[in-house]
2 protein chains.
Amino acid sequence: MIGCDPMNSRYSRATQQLKKHNIRLSNRRLKVLECLCNKLDHPTADQIFVNLHKEVPSLSKTTIYNTLHTLVEIGLVRTLNIEANKTRYDIITEDHGHFGCQTCGRIFNVNIELESLAKGELSGFNIWERNLYFKGICQKCLLNKNKNREVVY
Amino acid sequence: MIGCDPMNSRYSRATQQLKKHNIRLSNRRLKVLECLCNKLDHPTADQIFVNLHKEVPSLSKTTIYNTLHTLVEIGLVRTLNIEANKTRYDIITEDHGHFGCQTCGRIFNVNIELESLAKGELSGFNIWERNLYFKGICQKCLLNKNKNREVVY
DNA sequence: AATAAAAATGTAATCATTACAATTTTTATT
DNA sequence: AATAAAAATTGTAATGATTACATTTTTATT
């Protein structure tokens, strides 16, 4: 099940992958990786920065970008372009989709199998990446909205 | 069939919609709309600007953004966030997906029905928008690559 | 400890987009 | 047609995410 993988397992598998690619397990890189494993809410580079800044004040944003690019390059992390001008990062690379709530801003994971989609039409194409996302209002926000309605009117 | 609609039909339906929403059919707005109807290759705001600048040199980028926002607001145009930090605009609002070639940069339309996807899991959610995109290399670029291989090696 | 390679840093630059105040155009009313 | 109000458009400056790059720090190897 997506998201149910214990953090340590994902983290240790990632470090193994880094070793395999001869990428050093520097403290900074591991911090970024750790952050991605802990925060599965698809953080932006800036959110990772803010998050780690408490712990490692000298960590620069450039290092975060560098590390994220490295992780994306070797396929350990995927980018999400749901919102314009805001790249989000997802350590869960297994086949799934997303739902972005336009009220609370949360990005939900959606269990969905994308491998089989559009196989025929794209038969001559080389597919590297499949992305499905929905936009709308999540259940919780819909309920809140109705609650507020009752109060206001 | 997607993309097979004659430009004039789509354009005139769009102007009707604008009227219906009490949005003036100014020359500038119509130029942007016309450009979107002619260029179905999912242009960016800048590409629209460059394209129209030849014809209407005094047209500002702000007006293009303003118009695009208006068109998106009333549902005549959809935004595409395939690439990071680059919003593309699509006048074809009918249900379909996209394929972005990472070699030539072209965005292909993919006939695919998205309405029925993830209905169950998102049953309590209000879905405004569904987006599916693929990344990879298109057929033509794959063939070119192989051609080059033969020459080089 | 000396050296070379890799990693990390801070600053400045870039690029898309937005904010906003000023100007021009259009519309409705007289 | 004159006028006032509303809407549209403009240019400039600001913002915010990301990248470029030169410099410094860390690490691995001798």
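Observations on the structure shown:
- Sequence-separation-based contact order of chain B, relative, with Cα cut under 8 Å and 6+ spacing, percent: 18 percent
- Cβ-vector label at 7 Å, A:ASP46, separations to other copies in nm: 2.0
- The same position A:LEU25 in the other copies lies at 6.7 nm from this copy, comparing label points 7 Å beyond Cα toward the beta-carbon, shortest first.
- Residues whose amide H falls under 5 Å from that of A:GLU129, counting only those 5 or more places apart or on a different chain, are B:LYS135, with hydrogens built in the peptide plane.
- Heavy-atom accessible surface of the protein assembly as shown: percent carbon and sulfur, 1.4 Å: 49 percent
- Neighbour net charge for B:ILE23 - beta-carbon separation under 10 angstrom, K R +1, D E -1: +3
- For the residue pairs A:LYS20/A:LYS86; A:LYS140/B:LYS119; A:LYS61/A:LYS86; A:LYS135/B:LYS39; A:LYS54/A:LYS140, the alpha carbons lie more than 19 Å apart in A:LYS20/A:LYS86; A:LYS135/B:LYS39; A:LYS54/A:LYS140.
- Helix B:61-73 and the long axis of chain B differ in direction by around 90°, with both axes built from C-alpha atoms.
- DSSP-defined beta bridges in segment A:7-152 - what % are antiparallel, rounded to 5: 65 percent
- Chain B: angle of helix B:27-38 to the longest principal axis, Cα-based, in degrees nearest 10: 30 degrees
- Value at 222 nm in deg cm²/dmol, rounded to 500, when DSSP H runs of n ≥ 4 in chain B each add -39,500 (n - 2.57): -12500 deg cm²/dmol
- Filtered trypsin sites (Lys or Arg not before Pro), segment B:1-73: DSSP coil and at most 11 other beta carbons within 10 Å: B:ARG24, B:LYS54
- Solvent exposure of chain B, expressed per residue, is 55 Å² of accessible area, with all protein chains present and a 1.4 angstrom probe.
- Placing unit charges on each Cβ (+1 for Lys and Arg, -1 for Asp and Glu) gives the protein assembly as shown a dipole about its Cα centre, and among B:ALA118, A:HIS69, A:ILE107 the Cα reaching farthest toward its positive end belongs to A:HIS69.
- Counted by Cβ distance under 12 Å from A:THR44, the other residues give a net charge of 0, where Lys and Arg count +1 and Asp and Glu count -1.
- Taking both sides together, the accessible area buried where B meets A is about 3200 Å² for a 1.4 Å probe.
- Around B:GLU115: net Lys/Arg minus Asp/Glu count, Cβ-Cβ under 12 Å: -2
- Lys, Arg +1 and Asp, Glu -1 on Cβ, resulting dipole of segment A:1-124 about Cα centre, debye, nearest 20: 640 debye
- Interface residues of segment B:72-91, defined as those losing at least 30 Å² of solvent-accessible heavy-atom surface relative to the isolated chain (probe radius 1.4 Å), are listed as B:ASN81, B:ALA84, B:ASN85.
- 0 to 90° range, to nearest 10: angle between helix B:139-152 axis and chain B longest Cα axis: 40 degrees
- Taken over the C-alpha atoms, chain B has Rg and Dmax values of 18.0, 63 angstrom.
- Partners of A:LYS19 within straight-line reach, counting lysines whose Cα lies under 19 Å from its Cα and excluding those fewer than 8 residues away in the same chain: A:LYS31.
The values are calculated or read from the model by the stated rules, or taken from the named source; none is laboratory data. What you see is a predicted model, and the numbers here were worked out from it, not measured in a lab. Here Cβ is always computed from backbone atoms with ideal geometry, including for glycine, and neighbour counts include all displayed protein chains. Side chains are part of the model used for accessible areas, which takes the heavy atoms of the whole protein and leaves out ligands, DNA and RNA. Shrake-Rupley method; radii C 1.70, N 1.55, O 1.52, S 1.80 Å.
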